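Structure record follows, encoded as structure tokens.
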Amino acid sequence: MPWPLPHTRKSKGGVIKGFVIGATGSGTGKTTISLGMMAWLASKGIKVAPFKVGPDFIDPGLHTKISGSVSYNLDSWMLPASYNRSLFAAKSQGSEIAVVEGVMGLFDGYDALSETGSTAQMAKWLDLPVVLIVSAKGKARSAAAIVKGFETFDPDLNFAGVIFAQAGSARHYHYLRDAVEQNCKTPCLGYLPKNEKIVMPERHLGLVTADEMPIAEDTLSTLVSMVDEHLDMDRLMSGLPDLNLPDPPGAKENPVRISSKSACPKIAVARDKAFCFYYPDNIDILKEAGAEIIYFSPLEDQLPDDIDGIYFGGGYPELNAGQLTEKKELLARVKKASLSGMPIYGECGGFMYLCRSLTDMDGRQAGDMCGIFDFNIKMSKRLRSLGYREVTLASDTLLGKKGDVIRGHEFHYSSISGDENCTDAKNVYEVASRAGQDISLKGYQTGQTLGSYLHVHFGSNPGAAAHFVNCCADYRGGKQRSCQ
């Protein structure tokens, strides 16, 4: 029986369906299939709640554009189980189906010995079945051995189906399907053939962002048609169990100590194609802590008036350096704000913007940046650092007191050029590392400006966001608390 369309389906309040899209490894077509399914569901008028496992900024932006709903990151290393479950339940409310795109291979995560950080662990935490994506390239009966291995590797996982990516033809898929059906329990749901029309452009940090690349109508149409023609979505949907979501939590007690009788502190958040890497719940947590968020574009705007703090997220300042360096008045105002004691937080691309200058991959100096940190940033053609990071604060900072712990992720192709000690900025991060790793991550603070290559997730320690908001509230009240 086909899964009923929205106009025939009765509302069940907090009852929805959901599934995780996992894969045998990276590069199997997981993102393309995830986007295709979301586009197909949206085309049917079905309200989707999209999610992404892992510390990724690109895929959630694409999810958001296609589904029409904000996509949130789930992560079992940076964030505790309770946070992930609560976020999933809260952001699935009002939707009809939750689609969770996994990360890497299904069982890949923080290390080779545990499931921490893996898609499989998240599927179990959320009690969601897995749709397994297998590359069909160069395979026939061997595909059944792969599916069988994934079925039996972790008996606590449930599989909703198998989809083959990069299939050569319908006949090729039939070989694969017959082999799997003879040897495995998981049903085959179809295949997606290669299609050059939906190959996503890439660059050094991965796919081009949704901010830079509008998704054309013909691309959406192609995605929907491919899913319609080659995947058995009715079989998938009809086999999914209902999920009973808990009621949304009530209003939380405001965790921030507003230190003046004035309005809540106003934090300017840089948001454009140069600064677009933010976990959306980081902004939500700042709001819950009492902040008023004011978005502005460093590429197009001046610094908003009457603000009490600034947050520069990551992104691609190196690709927009010419335009950024032309905004002399804005650069000067940001530096003046820093010298006045205004709390300013910059991470990765935002940290680069707060430094003295930027040199591109070809060795050309792009121009002067804010100059708050006396560093020149140099782009490289190779990855400089990648991985999860746990930081203990070595001093009182914008993000907490000495000894507080925060978690995040580091991923960048640039580095500090020259002597890092030739600065008044103080390193306030102590970084835990695994055996065999040489991690050079530091967090630099001067006055009340903090910058680092680390993308912090405030969900790892909500007190960090509250502390930042407190510093902004003190600045608004004229106290200008010293965070050093």
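Just so it is clear, none of the values below were taken in a lab; they were calculated from the coordinates. The structure displayed is predicted, hence computed values, not measured ones. For neighbour counting, all protein chains shown are included, and Cβ atoms are generated from backbone atoms with ideal geometry for every residue, glycine included.
A DSSP coil position with no more than 12 other Cβ atoms inside 10 Å describes the following GluC sites (Glu not before Pro) in the range 296-333: 300. By the rule of a C-alpha distance below 12 Å, with chain neighbours fewer than 8 residues away ignored, the aspartates and glutamates paired with residue 47 are 96.
Find the relative contact order for the chain and round it to a whole percent, using C-alpha pairs within less than 8 Å whose residues are 6+ positions apart. Can you show the working numbers first?
On the way: 1064 pairs, mean separation 64.1, N = 484.
Once normalised by length, the contact order is 13 percent.
Which pairs in the list 52/287; 335/381; 44/273; 139/194; 273/335; 17/52 are over 19 Å apart, alpha-carbon to alpha-carbon? The partial results should precede the final answer.
On the way: 52/287 22 Å; 335/381 30 Å; 44/273 31 Å; 139/194 15 Å; 273/335 22 Å; 17/52 17 Å.
Result: 52/287; 335/381; 44/273; 273/335 exceed 19 Å.
The amide H of residue 167, built 1.01 Å from its N in the peptide plane, has 136, 192, 194 as neighbours under 5 Å, considering only residues 5 or more places off or on other chains.
What is the range 6-244 by shape, rounded, prolate or oblate, if you read a ≥ b ≥ c off the alpha carbon gyration tensor as root eigenvalues and call it rounded for a/c under 1.5, prolate for a/b larger than b/c, and oblate otherwise? Provide the component values of the computation, followed by the final result.
Working: a/c = 1.24, a/b = 1.11, b/c = 1.11.
Here the range 6-244 falls in the rounded category.
Between residue 216 and residue 174, the simple label model (points 7 Å from Cα in the Cβ direction) yields a spacing of 3.4 nm. A simple count of charges around residue 18, restricted to other residues whose Cβ falls under 11 Å of its Cβ and scoring Lys, Arg +1 and Asp, Glu -1, yields -2.
Once the chain from residue 26 to residue 142 is taken as fully extended at 0.36 nm per residue, the excess over their C-alpha distance is 39.9 nm.
Do you know the relative contact order of the range 6-244, to the nearest whole percent, from alpha carbon pairs under 8 angstrom that are 6+ apart?
On the way: 452 pairs, mean separation 59.3, N = 239.
About 25 percent, as a whole number.
On a 0 to 90° scale, report how tilted helix 30-43 is relative to the longest principal axis of the chain, with both axes built from alpha carbons and the result rounded to the nearest 10. Computed tilt is about 80 degrees. On a C-alpha basis, how far is the centre of the range 100-176 from the centre of the range 348-379 in Å? Whole number, if you could? Centre-to-centre (Cα) distance: 42 Å. Projecting the Cα atoms of 391, 282, 20 onto the dipole axis of the chain, where Lys and Arg carry +1 and Asp and Glu carry -1 at the beta carbon, places 20 farthest toward the positive end.
Assuming charge only on the beta carbon of Lys and Arg (+1) and of Asp and Glu (-1), the dipole of the chain about its Cα centre is about 300 debye to the nearest 20. Label zone of residue 195 (point 7 Å out along Cα→Cβ, amide N under 16 Å): in the range 19-58 this covers 29-44. Computed from the Cβ-Cβ distance with R0 of 25 Å, the FRET efficiency linking residue 426 to residue 390 stands at 0.80. Put simply, the C-alpha atoms of the range 266-476 give a gyration tensor, and the ellipsoid matching it has half-axes of 23, 22, 15 Å, longest first. For the range 68-209, the Cβ-based charge dipole about the Cα centre amounts to some 540 debye (Lys, Arg positive; Asp, Glu negative; other atoms uncharged). Backbone phi angles across the range 306-313, fed through the Karplus curve with coefficients 6.51, -1.76 and 1.60 (θ = phi - 60°), yield HN-Hα couplings of 6, 10, 10, x, 9, 10, 9, x Hz in residue order; Gly and Pro are listed as x. Taking every DSSP helix (H) stretch of at least 4 residues in the chain, weighting each as -39,500 (n - 2.57) and dividing the sum by the residue count yields a mean residue ellipticity at 222 nm of -8500 deg cm²/dmol.
Distances between every pair of Cα atoms in the chain, grouped in 10 Å steps from 0 to the bin holding the largest one, split as 4, 19, 28, 25, 16, 8, 1, 0 percent.
Counting only alpha carbon atoms, the long axis of helix 462-476 and the longest principal axis of the chain meet at about 30°. The range 261-323 and the range 438-476 have Cα centres lying 14 Å from one another. Dipole of the chain computed with +1 at Lys/Arg Cβ and -1 at Asp/Glu Cβ about the Cα centre; of 64, 314, 412, farthest Cα towards the positive end is 64.
Dipole of the range 6-244 computed with +1 at Lys/Arg Cβ and -1 at Asp/Glu Cβ about the Cα centre; of 74, 222, 188, farthest Cα towards the positive end is 188.
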